[in-house]
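Q: Okay, here's the structure, questions in a sec.
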Amino acid sequence: MKTTEALPPLSSSNKRLETTMDKGTIIGMTSGLGLVALTMVMGGGIAPFIDIPSLIMVLGGTIAATLVNFQFQDVMGLMKVTRKLLKDAPMTPQKYIEQIVAISKKARTNGLLAIEEDLESVDEDFMKVTLQHVVNGTEAEDLNNIMRAELAIMAERHKMGQKIYMAMATYSPAFGMVGTLIGLILMLQNLSDPSSVGPGMSMAMVTTFYGSLFANLFFMPMAGKLKMRSAQEIQFKEMLLMGILSVQAEESPRVIQNKLQSFLPPLERGVESQSAEE
């Protein structure tokens, strides 16, 4: 009797990488703020750009308008999304390709029901649920429809975060202008003192500065990163779905590996391993 083969174990390095900060996001934001601060210092100092009422107007107004436009729970959920964006969670498709190839070998040797005992070794929820459907005997067409509906729902959830950030990028400059108009109105009421016109105008313009800064350095880039991360995750899960459907169809492990490696960049595909042999 042929022995079964366990799925490849998770590597400790992958677990460590999941907890590291996203260097691109952190470096981009800090360097952007640093360049703005450096320009302020070279122009005469940071003090003229610090104004708490202007900051309250821009951030408070942006948050208020966002709450009006979106559901409260969606806005609160943005905090969780933001925490994920600040963490570097690199996907490791090669690891899962190896797992799917091992699953295909086991299924061809011992049948699809034999892979149920290894489901606990799968740490990717989408992959585990899809495999469970296979073990339960779900037809290939139904399985494809079910999991693609899951992907569509996930994509819509991701779009909500993108929409909220893009809305905030729109509201932020608008409330900057509102603050500027308030400052100009108050300044015009005090034209009897010419010496106050310059400082008053400067203070009024600070809110416009805050609105543009938050929109272009934080809100729009975060929306862009959400869009990129969503596209990567969907492509990754489509790869998993294709692989598991191929396992269900009892395709050759070598064919499955070649199909799945087509999702990888050419430099990451490497040479076929001997583990994919029939």
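Q: For the range 140-174, which positions are among the polar types (S, T, N, Q) and within 28 Å of E250 (Cα to Cα)?
A: N144, N145
Q: Taking the range 19-51 only, how many residues are surrounded by 13 or more Cβ atoms within 10 Å (Cβ to Cβ) and at pLDDT below 80?
A: Of the residues in that region, 1 qualify.
Q: Something else now. Hey, T180 hits all of (1) surrounded by 20 or more Cβ atoms within 10 Å (Cβ to Cβ); (2) under 19 Å from G28 (Cβ atoms) but one; which does it fall short on?
A: (2)
Q: In the set G61, G24, G45, which member is not in a helix (DSSP H, G or I) and not basic (K, R)?
A: G45
Q: Considering each residue of the range 167-177, count those that are of a type outside the set (G, A, S), farther than 17 Å from M79 by Cβ, crowded, with 18+ Cβ neighbours inside 10 Å and under 26 Å from the mean Cα position of the chain (by Cα), and give that number.
A: 2
Q: Another one. Given the structure, is A215 modelled with pLDDT of 90 or more, among the aliphatic types (A, V, I, L, M) and more than 30 Å from R108 (Cβ to Cβ)?
A: So A215 passes the test.
Q: Being surrounded by fewer than 19 Cβ atoms within 10 Å (Cβ to Cβ), closer than 30 Å to L55 by Cα and at pLDDT 90 or above, is that true of even one residue in the range 139-159?
A: Yes; the residues of the range 139-159 include at least one that is surrounded by fewer than 19 Cβ atoms within 10 Å (Cβ to Cβ), closer than 30 Å to L55 by Cα and at pLDDT 90 or above.
Q: Could you look through the range 120-146, keep only residues that are in a helix (DSSP H, G or I) and among the small types (G, A, S), and pick out the one that is farthest from the chain's Cα centre (by Cα)?
A: Taking the candidates together, the pick is A140.
Q: What tally of residues in the range 65-118 results from selecting those that are loosely packed, with under 15 Cβ neighbours inside 10 Å, farther than 29 Å from L131 by Cβ and of a type in the set (A, V, I, L, M, F, W, C)?
A: 6
Q: Within the range 253-269, which residues are in contact (Cβ under 8 Å) with a residue 60 or more places away in the chain and surrounded by fewer than 17 Cβ atoms within 10 Å (Cβ to Cβ)?
A: Correct list: L264, E268.
Q: Look at the range 64-102 and say how many of its residues are among the hydrophobic types (A, V, I, L, M, F, W, C), part of a helix (DSSP H, G or I) and within 20 Å of A174 (Cβ to Cβ).
A: Count: 6.
Q: Between a first residue in the range 186-215 that is in contact (Cβ under 8 Å) with a residue 24 or more places away in the chain and more than 15 Å from P53 (Cα to Cα) and a second residue that is crowded, with 18+ Cβ neighbours inside 10 Å and of a type outside the set (G, A, S), which pairs have beta carbons less than 8 Å apart while being 6 or more apart in sequence or on different chains?
A: Every condition considered, the pairs that remain are S212/P173; F214/V58; F214/T62; F214/M168; A215/M168; A215/P173.
Q: Here's a follow-up. Go through I46, I100 for me and flag whichever is touching a helix residue (DSSP H, G or I) at 6+ places or on another chain (Cβ under 7 Å) and under 30 Å from E117 (Cα atoms).
A: Going through I46, I100 in turn, just one is touching a helix residue (DSSP H, G or I) at 6+ places or on another chain (Cβ under 7 Å) and under 30 Å from E117 (Cα atoms): I100.
The values are calculated or read from the model by the stated rules, or taken from the named source; none is laboratory data. Please read all numbers here as calculations on a predicted model, not as lab measurements. A quick note on method: Cβ atoms are made from the backbone with ideal geometry, for glycine too, and the neighbour counts reach across all protein chains shown.
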